[in-house]
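K.L.:
Below you will find the structure I want to go over with you.
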């Protein structure tokens, strides 16, 4: 395998990325760009043949043609957050008291300024039409291919998605599942709740973009950068944010902007950045 090319480092950290957006380094002044639509999407999922399901909620903001998103645990989005966002300029929302609002605003701005495409470092990956489980598994294979680890290595998975665990198993990789909700995997394995406590025993990290909204992303990024281990992000949250950190601790991103695969049974496209393929 050889490293992919054509994706320059854009920012050294999440905070650096925000500062550079506010400075106008990536496009138009965010003080002049206003959110026209704000909405939430709630889902409950139990794929056919699976013994367990999950729920989550996503805040999405529309800026011109672009939509930025941040997923949260159900009930965690502050009352009035949607109303706060409508008509507000991006710069103001980047300083909002709610982290999910800040992330969704940054995502919307970067989707507007640097949309997914080869010119911005993306490699499109088609998802076939199918059932929710078929599409989940297709996405999982696309994500798992980005993890640069040999069979037998241990991957810390932050944000448990059973299809991703299944795809890692197919590659002969061991994993430590972590999720703030705890519980067990489809195969009865205990899910850890403190991802940072598990880092030392893992050879690679595969993490959800939700870590941007709950504050755990930067510790994961710094650890991966310090140890020189792969950090692969699967991103419905922050799909346009995380590609700007490839090369600064993040090694690869599978970006999935709104509308997500679970909203439609037809074909779709996700976008892969970095990694070795």
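Read the figures in this text as sums done on the coordinates, not as results from a lab. Just so we're clear, the structure is a prediction, and the values are computed from it rather than from any experiment. All Cβ positions, glycine included, derive from the backbone under ideal geometry; neighbour counts span all protein chains shown.
K.L.:
Which residues in the range 245-270 place their backbone N less than 16 Å from a point set 7 Å from the Cα of residue 186 along the Cα-to-Cβ direction?
P.N.:
Counting backbone N atoms under 16 Å from the label point, the list is 262.
K.L.:
Between 122, 170, 195, which gets the highest mean-square fluctuation from a Gaussian network model of the chain, Cα cutoff 10 Å?
P.N.:
170
K.L.:
Fewest first, what order do 260, 217 take by the number of other Cβ atoms within 10 Å?
P.N.:
260, 217
K.L.:
Same structure again: Nearest 10 degrees, 0 to 90: what angle lies between the long axis of helix 132-144 and the longest principal axis of the chain (Cα atoms)?
P.N.:
So the inclination is approximately 90 degrees.
K.L.:
Also, I was wondering about something else. When ranked by the protection proxy of mean other Cβ atoms within 10 Å per residue, highest first, what sequence do the peptides 241-249, 16-24, 102-110, 63-71 form? It would help to have the intermediate numbers written out before the result.
P.N.:
Details: 241-249: 24.9, 16-24: 16.4, 102-110: 28.8, 63-71: 22.7.
Taking the mean over residues of other Cβ atoms within 10 Å, the ranking is 102-110, 241-249, 63-71, 16-24.
K.L.:
At a 10 Å Cβ-Cβ cut-off, how would you order 83, 203, fewest neighbours first? Mind showing how you got there, number by number?
P.N.:
Numbers: 83 10, 203 18.
In order of increasing Cβ crowding within 10 Å: 83, 203.
K.L.:
Between the range 134-177 and the range 213-230, how far is it from one alpha carbon centroid to the other, in angstrom?
P.N.:
Taking the Cα centre of each part, the range 134-177 and the range 213-230 sit 18 Å apart.
K.L.:
Once both labels are modelled 7 Å past Cα along the beta-carbon direction, what's the residue 29-residue 201 spacing in nm?
P.N.:
Using points 7 Å along Cα→Cβ, the separation is 5.4 nm.
K.L.:
OK, next. Give me Rg over Rh for the range 14-113, both radii from the alpha carbons and Rh done the Kirkwood way, two decimal places.
P.N.:
Radius of gyration relative to Kirkwood radius: 1.05.
K.L.:
Given axes a ≥ b ≥ c from the Cα gyration tensor, I'd like to know whether the range 145-229 is rounded (a/c under 1.5), prolate (a/b larger than b/c) or oblate.
P.N.:
In terms of gyration-tensor shape, oblate.
K.L.:
Between the helical axis of 217-227 and the dominant principal axis of the chain, each derived from Cα atoms, what acute angle in degrees is found, rounded to the nearest 10?
P.N.:
60 degrees
K.L.:
Expressed as an acute angle from 0 to 90° and rounded to the nearest 10, what is the orientation of the C-alpha long axis of helix 99-113 relative to the principal long axis of the chain?
P.N.:
The answer is roughly 80 degrees.
K.L.:
Moving on to the next point. Suppose only helical runs count, i.e. DSSP H with n ≥ 4. What mean residue ellipticity at 222 nm does that imply for the chain under -39500 (n - 2.57) per run, divided by all residues and rounded to the nearest 500 deg cm²/dmol? The partial results should precede the final answer.
P.N.:
Numbers: 9 runs with 75 residues, N = 277.
That calculation yields -7500 deg cm²/dmol at 222 nm.
K.L.:
Give the order of 132, 60, 36 when sorted by the count of other beta carbons within 10 angstrom, beginning with the fewest.
P.N.:
36, 132, 60
K.L.:
Please say if the range 70-140 is rounded, prolate or oblate, where rounded means a/c under 1.5 for a ≥ b ≥ c the square roots of the C-alpha gyration tensor eigenvalues, and otherwise the choice is prolate for a/b larger than b/c and oblate otherwise?
P.N.:
oblate
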